[in-house]
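The values are calculated or read from the model by the stated rules, or taken from the named source; none is laboratory data. Owing to the predicted nature of the structure, the values given are computational and were not obtained by experimental measurement. Cβ placement follows ideal geometry from the backbone for every residue including glycine, while neighbour counts extend to all protein chains displayed.
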Amino acid sequence: MRRLIVLIFLLFFSFDSLYAKKKITIKMATLAPQGTEWHAMLVGMGQEWTKATNGQIKLRIYPGGVVGDERDMIRKMRIGQIHAGAITTEGLSEINPLFSIFYVPVIYQSYEDVDFVREKLSADLYKDTESNGFKLLTMVDVGWAYWFSVDPIYTPSDLEKNKIFSWAGDYKSAQLYKKLNYQQVPMAMTDVLSGMQTGLITCIGLNPMYVLSQQVFGIANNMLNMKWGNLTGGIVVDLKTWNRIDKKNQLLMIEIANDLGRNFQKKNRYEMDKPIQIMKEYGLKVNDPSQEQLQTWKDLVIEMLPYFKGTLLDDGVYQRFIQIKTEMEAR
């Protein structure tokens, strides 16, 4: 009888331990502040993951840059302090240099452009990211980037007079802008508002959703109505954590992430003007450039292209970009 009790106890303990091992809490960081739609999508994704996996997967979100900038997030994922990130091109290019192609300004002026380039790169974006230790679950638009500034900006000459925000640790962009005589000020994204308040920076190229959520437009209350670039976002999980998850649950999680990502992108693409309209009600001035002024920006990018090689874009990535750019223009 005693042996039977011991055997039952051991079996119960084994099943309980096996179940406990399957339960995984994924710690995910993002710069998206609480209350934004990007953050709401992540919360919804976590709820769907828990439901679909019968409680085996839980998502704990650290929003608003509480664990640092995106480069900090990548570093902390590599050492296991967090397990996942909902990040933009800035962090994604740290993992996979191909994402740097989405940095190139003015090239993307429509969603057709963005979709064309993303489709051309898709297989390598997923494959190379995994080769570098991370599972890319989905990619979405975070929004168009515009110049927001204290004083109006219409041309590249106006931009030269400004102190431009740059991500701390983004040495590639720093090299590029230095060659072109632009004054960049590196800082953490979480310090942007205080940087504006103290005059440390006077302009920033960013999407309206973030500018609204961080109240940056209260100081940088001029927006150049020209699409400077497209911000691509992605959800990544470090492979050590990902490989602990059952294959069945992995497929469910990817499907959920893709479905929510597509819905978010569809909605975000057609509601991009909403944050701009809200900011206009509170004093934002949207400045429309003339055709001649727009041409000066296109001329600037043509001037910048040779400098991209070896700075913003690695040699191999640069060649891939030129190839895709040629195909895009030939459409």
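Some notes on this structure:
- Search result, residues across the range 93-112 that are within 26 Å of Met73 (Cα to Cα) and in contact (Cβ under 8 Å) with a residue 60 or more places away in the chain: Ile95, Pro97, Leu98, Phe99, Ser100, Ile101, Phe102, Tyr103, Val104, Pro105
- Filter result for the condition that a residue is farther than 27 Å from Asp115 by Cβ and without any contact (Cβ under 8 Å) to a residue 40 or more places away in the chain, over Lys280, Lys309, Lys240, Lys274: Lys280
- Sole exception among (1) more than 17 Å from Tyr146 (Cα to Cα); (2) surrounded by 13 or more Cβ atoms within 10 Å (Cβ to Cβ); (3) of a type in the set (A, V, I, L, M) for Ile302, by number: (2)
- Output for the range 184-219, where each listed residue is outside any helix (DSSP H, G or I) and in contact with a Gly (Cβ under 6 Å, 6 or more places away or on another chain): Met187, Ile201, Asn207
- The range 55-76: number of residues that are among the basic types (Lys, Arg), under 18 Å from Met187 (Cα atoms) and either assigned to a loop (DSSP other than H, G, I, E, B) or touching a residue at least 12 places away in the same chain (Cβ under 8 Å) (or both): 1
- For the range 225-254, a residue qualifies if it is under 30 Å from Gln293 (Cβ atoms) and over 19 Å from the mean Cα position of the chain (by Cα), and the qualifying residues are Asn225, Met226.
- Taking each residue of the range 140-154 that is within 14 Å of Val211 (Cβ to Cβ) and looking for partners that are among the hydroxyl-bearing types (Ser, Thr, Tyr) and not in a loop (DSSP other than H, G, I, E, B) with beta-carbon atoms closer than 6 Å, six or more apart or interchain, yields Val142/Thr88.
- Flag if Thr202 is of a type in the set (Ser, Thr, Tyr), within 14 Å of the chain's Cα centre (by Cα) and buried (at least 18 other Cβ atoms within 10 Å of the Cβ): no
Conditions tested, residue by residue: (1) over 18 Å from the mean Cα position of the chain (by Cα); (2) in a strand (DSSP E or B); (3) at pLDDT 95 or above.
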site	(1), (2), (3)
Met223	yes, yes, yes
Arg262	no, no, no
Lys280	yes, no, yes
Glu292	yes, no, yes
Leu300	yes, no, no
Met304	yes, no, no
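- Filtering the range 113-131 to residues that are of a type outside the set (D, E, K, R) and either in contact (Cβ under 8 Å) with a residue 24 or more places away in the chain or surrounded by fewer than 15 Cβ atoms within 10 Å (Cβ to Cβ) (or both) leaves Val114, Phe116, Val117, Leu121, Ser122, Ala123, Leu125, Thr129, Ser131.
- Single residue of the range 83-111 satisfying the filter (in a loop (DSSP other than H, G, I, E, B) and polar (S, T, N, Q)) that is surrounded by the fewest Cβ atoms within 10 Å (Cβ to Cβ): Ser110
- Among residues of the range 13-60, those that are within 18 Å of Val140 (Cβ to Cβ), at pLDDT 95 or above and crowded, with 20+ Cβ neighbours inside 10 Å, counted: 7
- Which numbered condition Asn181 fails, given (1) out of contact with any Pro (no Cβ under 9 Å at 6 or more places or on another chain); (2) not in a loop (DSSP other than H, G, I, E, B): (2)
- When Ser157, Ser173 are screened for being part of a helix (DSSP H, G or I), touching a residue at least 24 places away in the same chain (Cβ under 8 Å), crowded, with 16+ Cβ neighbours inside 10 Å and of a type in the set (Ser, Thr, Tyr), only Ser173 passes.
- Within the range 274-323, if we keep just the residues that are of a type in the set (D, E, K, R) and in contact with a strand residue (DSSP E or B) (Cβ under 7 Å, 6 or more places away or on another chain), the residue that is nearest to Pro208 (Cα to Cα) turns out to be Lys280.
- The range 312-331: number of residues that are touching a residue at least 60 places away in the same chain (Cβ under 8 Å) and among the acidic types (Asp, Glu): 2
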